[in-house]
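The values are calculated or read from the model by the stated rules, or taken from the named source; none is laboratory data. All values reported here derive from a predicted model rather than from experimental measurement. Every residue, glycine among them, receives a Cβ derived from its backbone with ideal geometry; neighbour counts consider all protein chains shown.
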């Protein structure tokens, strides 16, 4: 079923696009199709799963709708050597990098137009590579990093930077996913769909639905919130349960 839905979406978009267009218009994921979140490593994809999210270094999956994970607002823990070469673009407080303590990630300094331009040149290359590798969309993680910046960054900074990243994704032919910050309408900067972590646990699924309708990919990490989210939203949204580490051999469940 999901293959027919996805094929129909792709064909409709191709017919609607001008023949002279250099880059095809981005296509959002099909609604109501099971998805898998594979940031901890690539693994086999069940036959009935039509959407796969993988890290930008991993290959897309043939015959599926593929979303490329890019940590757009913070650094990956294993990329510190790279960011030390771009130290001025790491947010600092009293000479030390501001860190997301939950994940050990440094926040990127999106606080000025000049720094946002420099960061878009770096992150934008990653986004372009996602398109070159055959992905259909990009997940731009940590949109809400300003809330962990000790007041050094603002919502205005996040919006301005997100707008540039989404435009870069669209220029590459990729749809763009809003990641978290449920109460904000990301469509104002062009986000096409949402990836919602723990929206059932924190009673935020309705906020995403009010913005994106059925185009919300929901992931829960605990059994009780997962079951509750399935009861309340499983007939409308694609809901997945994963382990918090998203380990390559970790837990993977779908609503039945």
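Structure values in brief
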{"item": "Qualifying residues in segment 87-102 (those that are in contact with a helix residue (DSSP H, G or I) (Cβ under 7 Å, 6 or more places away or on another chain) and either within 13 Å of residue 152 (Cα to Cα) or without any contact (Cβ under 8 Å) to a residue 40 or more places away in the chain (or both)) - the one surrounded by the fewest Cβ atoms within 10 Å (Cβ to Cβ)", "result": "89"}
{"item": "Boolean, residue 146 is under 19 Å from the mean Cα position of the chain (by Cα), part of a loop (DSSP other than H, G, I, E, B) and crowded, with 19+ Cβ neighbours inside 10 Å", "result": "no"}
{"item": "Positions within segment 104-119 being exposed (fewer than 14 other Cβ atoms within 10 Å of the Cβ) and on the phi < 0 side of the Ramachandran plot, in sequence order", "result": "112, 113, 114, 117"}
{"item": "Residue that is farthest from residue 24 (Cα to Cα), among those in segment 103-135 that are in contact with a helix residue (DSSP H, G or I) (Cβ under 7 Å, 6 or more places away or on another chain) and in a helix (DSSP H, G or I)", "result": "115"}
{"item": "Positions within segment 223-235 being in a loop (DSSP other than H, G, I, E, B) and either loosely packed, with under 15 Cβ neighbours inside 10 Å or modelled with pLDDT under 95 (or both), in sequence order", "result": "235"}
{"item": "Matching entry among 188, 166, 138 (being in a helix (DSSP H, G or I), under 24 Å from residue 216 (Cα atoms) and touching a strand residue (DSSP E or B) at 6+ places or on another chain (Cβ under 6 Å))", "result": "166"}
